[in-house]
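These notes are about the structure you will find just below.
What follows is calculated from the coordinates using simple rules that are stated; it is not laboratory data. Bear in mind the structure is a predicted one, so any value in this text is a computation, not a measurement. Quick reminder, even Gly has a Cβ in these numbers, built from the backbone with ideal geometry, and neighbours come from all protein chains shown.
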């Protein structure tokens with residue numbers, strides 16, 4: 001049975017999709033379509049389920065354009081910008097290169113979803129480890145898409161946007177220097193991570209790109225654009241996958257737990273900060289749209305827990321750690337996790 | 001084979017967005033102010049779908065896997081299985097009652113500092129609106145002007161206390177309210193449903209028992225300021241009321 005599923009999942013899925021569409025289009029009230037899902041009410045009240053679906057779709061629809069913009073830009077850069085050039089422009093002095101790396105995100109705007117494979121490739125290309133990790137931390141926050149979406153989500157408020165940017169960049173710089181102190185001469189990549197076959201994260205296996213880069217040394221821009229669009233389909237699927245899960249968990253939280261519970265917690269700022277960081281970690285929402293989810297907590301939360309969510313989420317989350325586990329050594333990840341967590345708590349408490 | 005799935009998913013998502021835009025049901029999910037963003041996603045999803053069809057024989061650039069596809073299918077399923085409609089009033093229990101819109105410019109500390117320097121020019125539009133409202137014999141709150149008017153009312157309460165006012169909303173009660181109190185509430189939306197909050201007027205009346213939770217009423221009365229533990233909140237002194245059917249689009253949108 002399992003093998004059957006494994007071999008034919010594509011077909012089964014397609015049949016399912018097709019049948020849903022057939023049922024949808026053949027129903028007489030196509031424009032006022034309603035499905036009887038009252039049987040579900042046996043275990044959960046229908047109204048709540050309806051609200052759950054509404055909140056879920058709402059978060060999805062609001063985040064969708066930002067994910068698409070992120071995917072488009074990152075794919076274009078993937079094709080049109082050479083990381084080698086970027087590396088040559090980086091100064092060799094860590095006191096210059098670490099602060100500079102926080103600004104890379106402005107030229108190479110990629111969410112945390114796409115940043116891990118890029119950081120790994122940069123390290124493979126002998127970019128200093130500390131610079132690459134500063135970039136890895138800062139780029140999801142210090143990038144145009146995140147800046148715009150934070151600005152819009154918080155009702156055109158530059159204050160919140162700028163605080164988020166400076167906290168994120170500050171933590172990234174401190175982590176960069178810590179990496180400079182402790183990991184200057186140590187291997188950070190997993191032993192076999194340079195070959196695709198042994199890479200656990202085959203989601204981001206890069207065989208196709210490599211072959212692509214070597215095949216066309218001077219490809220026409222039209223081919224490049226075409227490939228960038230094709231590549232963005234996959235990046236879109238891989239990114240929305242995590243985003244949809246995050247939106248779903250967030251909507252479950254909103255319908256069943258709600259803000260009333262958060263409100264009582266918000267009075268203890270310490271607990272609220274920890275809870276919001278846990279949420280940011282677990283929800284794994286893409287940094288280009290997490291501001292919209294954070295904005296929904298604005299009514300219930302003080303500024304410190306809110307920024308803990310906004311700053312910690314893009315740097316460190318469940319899907320990010322999974323992706324890093326495929327690329328970096330365990331010691332690096334523990335160091336990374338511990339460092340960012342502590343720094344977020346400290347900075348949020350000291351500055352807000 | 002998997003390329004067909006990808007194309008179907010992309011077109012499915014595009015269809016969903018297009019359907020919501022055409023039927024105007026999109027406003028049940030996000031603030032109509034951001035409709036242009038959804039139009040962008042619709043166009044881009046269609047382009048991606050066409051690219052996928054053009055390259056249907058090309059090998060995958062990344063492996064996605066069954067679970068990946070199933071998860072991307074989830075929003076389409078939610079869209080097909082559930083009728084699109086605004087949140088019903090029951091969600092209000094999970095929300096925080098703010099009484100007044102959160103975007104109240106007076107309260108934003110960052111603005112305050114800037115504004116102190118730029119003399120009071122920011123206040124002009126509000127002052128203008130206030131003098132416009134003062135001339136009216138009755139202030140009628142509609143879905144369109146709800147947040148704007150409540151903002152102005154709360155900024156210059158001294159000008160408006162005792163003024164006749166009409167408002168529509170659902171009955172909402174919160175822990176800590178007295179027996180003879182209820183809130184004539186609306187859900188306010190700044191971006192999407194996820195950030196919706198309850199706003200409304202506190203009504204203090206011995207008839208309170210007659211107003212059942214989640215029912216919609218149109219209430220006429222005079223504007224007043226009530227104090228409770230969260231500070232000053234807007235209220236209406238009840239004169240007359242009538243039961244009305246729930247509005248189709250129950251949100252009031254933040255206009256910024």
| said: Using only the alpha-carbon atoms, what does segment B:1-65 span along each of its principal axes? Please give whole angstrom values in decreasing order. | reply: 40, 18, 18
| request: Evaluate peptide A:64-73: per residue, the Cβ atoms of other protein chains within 10 Å of its Cβ; return the mean as an integer. | output: 5
| message | What's the ranking of A:160-173, B:201-214, B:40-53 by average number of surrounding C-beta atoms within 10 Å, highest first? | response | A:160-173, B:40-53, B:201-214
| query | Relative to the present Cα-Cα distance, how much length would full extension add between residue B:140 and residue B:244 at 0.36 nm per residue of separation? | reply | 35.9 nm
| Shielding by partners - mean other protein chain Cβ count within 10 Å, residues of B:48-59 | 3
| Peptide A:226-236, shielding by other chains (average Cβ, 10 Å cutoff) | 6
| Given the Cα-Cα distance of residue B:85 and residue B:177 and 0.36 nm per residue of separation, how much length would full extension add, in nm? | 30.2 nm
| task | Mind checking the full-extension length gain between residue A:93 and residue A:76? Use 0.36 nm per residue of separation minus the Cα-Cα distance, one decimal, nm. | result | 3.1 nm
